[in-house]
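Encoded as structure tokens, the structure appears first; notes follow it.
The values are calculated or read from the model by the stated rules, or taken from the named source; none is laboratory data. Since the model is a prediction, treat every value here as computed from it, not as a measurement. Counting neighbours? That spans all protein chains shown, and the Cβs are built from the backbone with ideal geometry, glycine included. The protein model used for the area step is the full one, side chains on, heavy atoms only, and it has no ligands, DNA or RNA in it. Shrake-Rupley method; radii C 1.70, N 1.55, O 1.52, S 1.80 Å.
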Amino acid sequence: GPFPFTYVGKPSTPFHVAIIVISVGYFLFDFAWSLWYQTEGMVMLAHHVVSIFGFSYVLYTGMFGTELTAVLGGSEASNPFLQLRWFMKSSGHYTGLPAKIVDYTFVLIFIGLRLVVSTVLHFRVQLDPGVHFVCKLGGQAFYIISLVLGYQIVRFFYRKYIVKRPGKDD
């Protein structure tokens, strides 16, 4: 699709709509699963709620698909490493160099995309006069959630790899 740093506040393309429809379905399912099985904390539940409202707003207005799909891609790019970490822990293979590679990769992708690149996009959207207030408010909410998650991840990484407390992997 169009480049998200220059195509701000414009109509969504059919490709954006398809990605958003699939994503809202996934987030609705995952949110219901998280509530039913009580697997997630308040920050992740807030992430799901903000995402579902954001997807719905973009589908309703037919605009801002470029920005939302960029945020979606950037924020979910680290997810495969988070899932791999979970699978490794559940199967008893979360040890040694493979565990470190997964953790380092996850943290680097998360910080790089969700806190560095997304900050640039966030300010680009916030300062654009063509972006609706509701979209800016949703972007602000998602950005705050990303900062909280980023803090939690940096804290985990610091405790596990900088302070090096044996046997602690949060």
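Of the residues Gly73, Gly139, Gly92, which exhibits the maximal mean-square fluctuation in a Gaussian network model of the chain defined by a 10 Å Cα contact cut-off? Fluctuation is largest for Gly92.
Mean-square fluctuations from a GNM of the chain, with a 10 angstrom spring cutoff on Cα atoms, peak among Val17, Val120, Val50 at Val120.
Carbon-plus-sulfur accessible fraction, the chain (probe radius 1.4 Å, protein heavy atoms only): 73%.
Among the lysines of the chain, pairs at least eight places apart or on separate chains and with Cα atoms under 14 Å apart come to 7. With K and R counted +1 and D and E -1, the other residues having a Cβ less than 12 Å from that of Ser51 yield a net charge of -2. Along the chain, counting only trypsin sites (Lys or Arg not before Pro) with a DSSP assignment other than H, G, I, E or B and at most 14 other Cβ atoms inside a 10 Å radius, the longest segment between sites is 1-163. When the residues Phe156, Phe53, Phe81 are ordered by accessible surface, computed with a 1.4 Å probe over the protein chains alone, the sequence from largest down reads Phe53, Phe81, Phe156. Summing +1 for each Lys or Arg and -1 for each Asp or Glu among the other residues whose beta-carbon sits under 12 angstrom from that of Val8 gives +1. Between Leu45 and Thr105, the contour length at 0.36 nm per residue exceeds the alpha carbon distance by 19.2 nm. With each label modelled as a point 7 angstrom along the Cα→C-beta vector, the Glu76-His93 pair spans 2.4 nm. If Lys and Arg each add +1 and Asp and Glu each add -1, what is the summed charge of the other residues whose beta carbon sits under 10 Å from the beta carbon of Glu67? Residues near Glu67 contribute +1 overall. These residues, Leu115, Leu97, go from largest to smallest accessible area, 1.4 Å probe, as Leu97, Leu115.
Inter-label distance, Val21 to Trp86: 2.7 nm, where each label sits 7 Å from its Cα along the C-beta direction.
Along the axis of the charge dipole computed for region 26-170 (Cβ charges of +1 for Lys and Arg, -1 for Asp and Glu, origin at the Cα centre), the listed residues Leu68, Ile52, Tyr151 are led at the positive end by Tyr151. Helical runs assigned H by DSSP (4 residues or longer) give the chain a calculated mean residue ellipticity at 222 nm of -23000 deg cm²/dmol, each run adding -39500 (n - 2.57) before division by the residue total. The listed residues Glu76, Glu40 rank as Glu40, Glu76 when sorted by accessible area, largest first, using a 1.4 Å probe.
Take region 1-74 with all the other protein chains still there, run a 1.4 Å probe, and you get 56 Å² of accessible area per residue.
Extension gain for Arg159 to Gln126 (0.36 nm times residue separation, less C-alpha to C-alpha distance): 8.5 nm. Of the complete DSSP H runs in the chain, those spanning 18 angstrom or more by Cα along the long axis with a mean Kyte-Doolittle score not below 1.0 are 14-37, 42-61, 96-109, 133-157. Once volume of the Cα convex hull per residue in Å³ is calculated for the structure shown, the corresponding label among (i) 120; (ii) 144; (iii) 179 turns out to be (i).
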